[in-house]
Amino acid sequence: MITMTNVYKTYPNGAKAVNGISVTIKQGEFVYVVGPSGAGKSTFIKMMYREQKPTSGSIRVNGMQLETMQERDIPYFRRRIGVIFQDFKLLPKLTVYENVAFALEVIGEEKSAIRQKVAEVLKLVRLSHKTDALPNQLSGGEQQRVAIARAIVNKPQVVIADEPTGNLDINTSWEIMEIFKEINKQGTTIIMATHNADIVNTFRNRVLAIEGGKIVRDEIEGGYGYDS
Ligand code: ADP
Ligand code: ADP
């Protein structure tokens, strides 16, 4: 499903963000990525959806080889990946419906199918009653649920989330985790970078700890392992 082999990433300014990572993540796994700030977590995650290219090494995701992928094939590859950010990245002038529908319009989905799929996914994230709201009329947790809806409406095999609860209070964070749990139960792989020790220690999943651009711990139902 996702395989990295001897992956290194050095940025043009010389920062060595990833220093030899080899890892395999199987379809349906739920994986936390933890570690101190600057450890290389974001870089590790960005390479999985081809936001960053490795300096060397091999990365295979959904059967596609990322380090040699042509620019023109990236949009097609990304359709099967859902990405969720700490700061939501919703389009501010579009309604909840339009933010989610947009992901289907760009792939040329028919209007009636779009209507049905958006309604279905908004129900899953419990936002049916906010269909016509604008992002700035929503709480942080609601905005993140819209972002999740947008990320999963195409039924991607993999969802990648970089600090998805980083801007949310603890109660709202649990709601987001319940949704991730539900999506994962349906077979979607979830990879989530987080600094939230409570979440990692309570919803037990595989833990990859990264320090200095290397995986220093890989545990099946691991704990957070750092002071929070
Ligand atoms: P984390 O997500 O664990 O905080 P990052 O992957 O963001 O770690 O960063 C790892 C290292 O790479 C840090 O030293 C950071 O400053 C550096 N870095 C991250 N992104 C860039 C970039 N675009 N250009 C240069 N250096 C970067
Ligand atoms: P993004 O918006 O791509 O997720 P971030 O929010 O992590 O990026 O950081 C903002 C910008 O600064 C990005 O382009 C990122 O690559 C870059 N960046 C992060 N850390 C460094 C660094 N140490 N040196 C140079 N650029 C960096």
Just to confirm my filter: which strands (runs of 3 or more DSSP E) fall fully inside region 167-228 and include at least 1 residues that are within 16 Å of ligand 2 (Cβ to nearest atom)? 189-193, 206-211
Exactly one of S128, S112, S139 is among the small types (G, A, S) and within 30 Å of S228 (Cβ to Cβ), and that residue is S139
Going through V118, V100, V125 one at a time, which residue ends up being away from ligand 2 (no atom under 16 Å from the Cβ) and over 18 Å from the mean Cα position of the chain (by Cα)? V118
Selection from region 29-47 of residues that are surrounded by fewer than 15 Cβ atoms within 10 Å (Cβ to Cβ) and either over 20 Å from the mean Cα position of the chain (by Cα) or more than 13 Å from ligand 2 (Cβ to nearest atom) (or both): P36
Identify, from the list A133, A119, the residue that is farther than 20 Å from Q186 by Cα and either modelled with pLDDT of 95 or more or surrounded by 12 or more Cβ atoms within 10 Å (Cβ to Cβ) (or both). A133
Restricting attention to region 48-74, report how many residues are surrounded by fewer than 18 Cβ atoms within 10 Å (Cβ to Cβ), touching a residue at least 40 places away in the same chain (Cβ under 8 Å) and of a type in the set (S, T, Y). 3
Residue tally, condition surrounded by 16 or more Cβ atoms within 10 Å (Cβ to Cβ) and assigned to a helix (DSSP H, G or I), over region 78-97: 2
Being outside the structural domain of V61 (by TED's automatic domain parsing) and over 19 Å from Q27 (Cα atoms), is that true of even one residue in region 159-177? no
Flagged in region 136-150 as more than 10 Å from V121 (Cα to Cα) and of a type in the set (A, V, I, L, M, F, W, C), in numbering order, are L138, A147
Mind listing just one residue for me: the one in region 172-198 that is under 15 Å from G222 (Cβ atoms) and without any contact (Cβ under 8 Å) to a residue 60 or more places away in the chain and, of those, nearest to the chain's Cα centre (by Cα)? N196
Would you check if R145 is within 29 Å of Y226 (Cα to Cα) and either at pLDDT below 95 or outside the structural domain of I45 (by TED's automatic domain parsing) (or both)? yes
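The values are calculated or read from the model by the stated rules, or taken from the named source; none is laboratory data. Everything quoted here is computed from the prediction, not taken from an experiment. So basically every Cβ, Gly included, is an ideal-geometry build from the backbone, and we count neighbours across all protein chains shown.
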